[in-house]
Amino acid sequence: MFNTSDRVTRAMTNNGAFRVITALTTQTVRGAVLAQQARGAIARRLGELMTGSILVREAMAPDKRVQILVKARDGRTSLVADAHPDGRNRGIVSPGLDERVAMVNNATLEVIYTLPNGIMHQGVVTLPDGGDISAGLMTYMHESEQIVSMIAVATVLDSDSDTGSSGRVGAFPVEDALTGGIRAAGGYMVQLIPGADRDTVAEMTARLEAADQLANTLVAADMSTTRLRCQLLGDMGVEDMTETLLRFGCNCDRERVLAGLSSLPRTEIEAMIAAGAPLDICCDACQRGYVIVVDELRSLLVGGSGSGLQN
């Protein structure tokens, strides 16, 4: 079910100089944060990454799935944001991630999506020290897509008080049961279209520099993607192009779980069958549980092997 306030809109300025994308993602981020039981700095970063994945998808691959990963300097994935063209979005926090080291120096941001010719695009940039997602996204757009873009994403928490050593907890306080501690989330991307004259670019730069901090803007009670765009552009005319409703949602199902199991080595599947007990599997993104019975495991071995089985 879609929330009526969460959406991403794409427009072009009447002078043809800029593409402007604005997104409100509060309910979408809340859903992911609640599913991941994320708090504090981790909840903030996850929300920013999810909003960023929506903006990149809308800009570069509106009819494709876009996934953005943040990896620590040792190569382990810390955060994942997954944006789908039908408006479903989800996020994953690696188990045991500590908010004090969630964005260590030399962390990388990796963007993955499929190009129209079917080739997988994968762009990787180093995040600035401290893990600024907005700056990382702008670096990615400049270096990997070669498009000059001004990007800002923000997640506003109900409280920015210290949550202790871990941003992931066993249960939420009562007041966070519906919001996950998220007050507002959203962002924008303004892309420069080649050929824009210098005066027009200077005017847009001045407008963006004069705009209120995004976090302050997002908490306004009457905020919408149109209002956000108007605050950025003032009286600069635009032509609306597309609007996509957004929600927290997962693409997991029983078939995908079984497909994942089928990629395990044959000996591991046989050991599970020999144990004789059903498998309890939980989706990393939405926490939905699946019980896989022994007969289903046996079906993966029918005919000698399923696709992807290793001997």
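The values are calculated or read from the model by the stated rules, or taken from the named source; none is laboratory data. Fair warning: this is a prediction, and the values are worked out from it, not measured in the lab. Reconstructed Cβ throughout: ideal geometry from the backbone, glycine too, with neighbour counts over all protein chains shown.
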Pick from the range 224-251, criterion hydrophobic (A, V, I, L, M, F, W, C) and at pLDDT below 90, ranking: farthest from the chain's Cα centre (by Cα): Met236
Residue within the range 111-134 that is closer than 22 Å to Ser78 by Cα, assigned to a helix (DSSP H, G or I) and at pLDDT 80 or above present: yes
Which numbered condition Glu209 misses (of (1) acidic (Asp, Glu); (2) closer than 20 Å to Ala135 by Cα; (3) within 25 Å of the chain's Cα centre (by Cα)): (3)
Pair list, Cβ under 8 Å, 6 or more apart: the range 192-209 residue within 19 Å of Ala59 (Cβ to Cβ) and modelled with pLDDT of 85 or more, other residue surrounded by 15 or more Cβ atoms within 10 Å (Cβ to Cβ) and charged (D, E, K, R): Ile193/Arg19
From Cys286, Cys250, residue being closer than 25 Å to Asn89 by Cβ and touching a helix residue (DSSP H, G or I) at 6+ places or on another chain (Cβ under 6 Å): Cys286
Residue within the range 232-246 that is in the same structural domain as Val153 (by TED's automatic domain parsing) and farther than 21 Å from Ala59 by Cβ present: yes
Lone unmet requirement of (1) farther than 15 Å from Thr9 by Cβ; (2) surrounded by 16 or more Cβ atoms within 10 Å (Cβ to Cβ) for Arg256: (2)
Tabulated pairs, the range 128-151, first in the same structural domain as Asn106 (by TED's automatic domain parsing) and without any contact (Cβ under 8 Å) to a residue 12 or more places away in the chain, second outside any loop (DSSP other than H, G, I, E, B) and hydrophobic (A, V, I, L, M, F, W, C), C-beta under 6 angstrom, 6+ apart or interchain: Pro128/Ala135
Which listed residue, of Arg229, Arg247, is closer than 17 Å to Val20 by Cα and among the basic types (Lys, Arg): Arg229
Subset of the range 1-13 [more than 18 Å from Pro62 (Cα to Cα) and at pLDDT 90 or above]: Thr13
Residue check for Arg44: assigned by TED's automatic domain parsing to the domain that holds Tyr188, buried (at least 22 other Cβ atoms within 10 Å of the Cβ), at pLDDT below 95 and among the charged types (D, E, K, R): yes
Matching option when the condition is crowded, with 22+ Cβ neighbours inside 10 Å and more than 11 Å from the chain's Cα centre (by Cα), among Val80, Val70, Val20, Val56: Val20
